[in-house]
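What follows is a short report on a single structure.
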Amino acid sequence: MEAIKKTGKLVPGFAAALIIAAISKLIESILPIHLIGASVIALFIGMIINHFWKPNDTFSAGLKFTSKKILKFAIILLGASLNIKIVLEVGKMSLCVMAFTLFTCFGVGYFVGRALKINWKLSNLISAGTGICGGSAIAAIAPVIDADDSDIAYAMSATFLFDMAMIVLFPIMGQAMGLSDMAYGLWAGTAVNDTSSVVAAGYAFSEAAGDFATMVKLTRTLSIIPTVIAFALINARIKRKEAGAGGAAVKAKLGLTKIIPWFILGFLALAVINSFGVIPQAVSSGMKGVSKFLMVSALAAIGLNTSFKDMKKSGFAPMLHGFIISALVVIVAIAVEYFMGIL
């Protein structure tokens, strides 16, 4: 009876997030040009609603459940769309470029964040969104470092703004530089942030470039795993340090299951299973679709819990951080291709 009562408290908030997600998917589908993904639309719809109406106690439990638990479940299901065999084939060529872009994001991003006096969680969420895969990376790392909803929303906003610019500018720059389909696909796949933006920028150049850019992006998505584990370790260390004298007790509580998040283990397990062909293609596609929809729902819940006023407190610095890192990644990716002789 108690379990039913607790579940009942989750329904209003969860339902509200699902409705916003459905509306966002509809808006995405009717846009004449695919410039903006449903996850970003859902985030902003939620934030606009929050500006005029703050969710009350009736919705709070369900929204928290959706933004935390449902988000993690969505990440697990995403693993069913990955095939490690294909990823490794494409990875032979793209690994070097990705290594340099990831180092740029997290290495240079660390110093940029400190110089701009941005809290380490927001700084690294922006770097993750830029270096790995936009909203998916931000969504995966956020629960591991206990990021605030306002930090998630700001990181998503920064990633989205520069993605929009890349979709327009990349095909123009690619044509101006006379890039081949493969060179352009590798560049777009490693430098553009969100998956939908990679697809848009890739196919705007050519069909072959779009196909290759999508596969490179798939490879890039796998870097979520070591990145999340690394941040789990960093967060655990910070918690022990903050605990001071009680650090030993905190350390004892942070076992392997705490350091390596269970949802990332589930994500990896499904990716491995899918690579052996155990999951039928139709089921894999269906699980990916459910994953994406639930992720959109989670971002709708985050938006409903995020205030524009709270984001204003962060100032202009996070956007400047996003611009600097995005610009550096674009330059570094094309420079590495040049020195590898791909251009």
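The values are calculated or read from the model by the stated rules, or taken from the named source; none is laboratory data. Treat the numbers as computed from the prediction; the structure is a model and nothing was measured. As a convention, Cβ positions derive from the backbone with ideal geometry for all residues, glycine included, and neighbour counts pool all protein chains shown.
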**Report entry** Residue count for the stretch 275-289, restricted to those that are under 20 Å from LEU222 (Cβ atoms) and touching a residue at least 24 places away in the same chain (Cβ under 8 Å)
**Finding:** 6
Report summary line: Listed by first then second residue, the pairs whose first member lies in the stretch 215-231 and is basic (Lys, Arg), whose partner is part of a helix (DSSP H, G or I) and at pLDDT 80 or above, with beta carbons under 6 Å and at least 6 positions apart or on separate chains, are LYS217/GLY189; ARG220/MET98
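Could you list all residues from the stretch 32-42 that are at pLDDT 80 or above and not small (Gly, Ala, Ser)?
First pass over the stretch 32-42, keeping only residues at pLDDT 80 or above: 41-42.
Within the stretch 32-42, ILE41 is the sole residue that qualifies.
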**Report entry** Residues of the stretch 171-203 that turn out to be farther than 23 Å from PHE323 by Cβ, in a helix (DSSP H, G or I) and polar (S, T, N, Q), as a count
**Finding:** 1
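Answer with yes or no whether ILE324 is closer than 19 Å to MET173 by Cβ, modelled with pLDDT of 80 or more and among the β-branched types (Val, Ile, Thr). Please lay out each step first, then the result.
Details: closer than 19 Å to MET173 by Cβ: yes; modelled with pLDDT of 80 or more: yes; among the β-branched types (Val, Ile, Thr): yes.
Yes, satisfied.
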Requested in this report: Identify all residues within the stretch 162-203 that are in contact with a Lys or Arg (Cβ under 9 Å, 6 or more places away or on another chain), of a type in the set (A, V, I, L, M, F, W, C) and modelled with pLDDT of 85 or more; write none if there are none.
Outcome: ALA188, VAL192
Query - Where a residue in the stretch 174-186 is under 13 Å from MET215 (Cβ atoms) and its partner, wherever it lies, is outside any helix (DSSP H, G or I), with Cβ under 6 Å and at least six apart - result: ASP181/SER206
Requested in this report: Kindly check whether there is at least one residue in the stretch 61-72 that is within 23 Å of LEU268 (Cβ to Cβ) and in contact with a Gly (Cβ under 6 Å, 6 or more places away or on another chain).
Outcome: no
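Of all helices (runs of 4 or more DSSP H) completely enclosed by the stretch 204-292, which ones contain at least 2 residues that are surrounded by fewer than 17 Cβ atoms within 10 Å (Cβ to Cβ) and at pLDDT 75 or above? Break it down stepwise before answering.
Values: elements: 207-221, 224-243, 247-253, 256-259, 262-275.
Result: 207-221, 224-243, 262-275.
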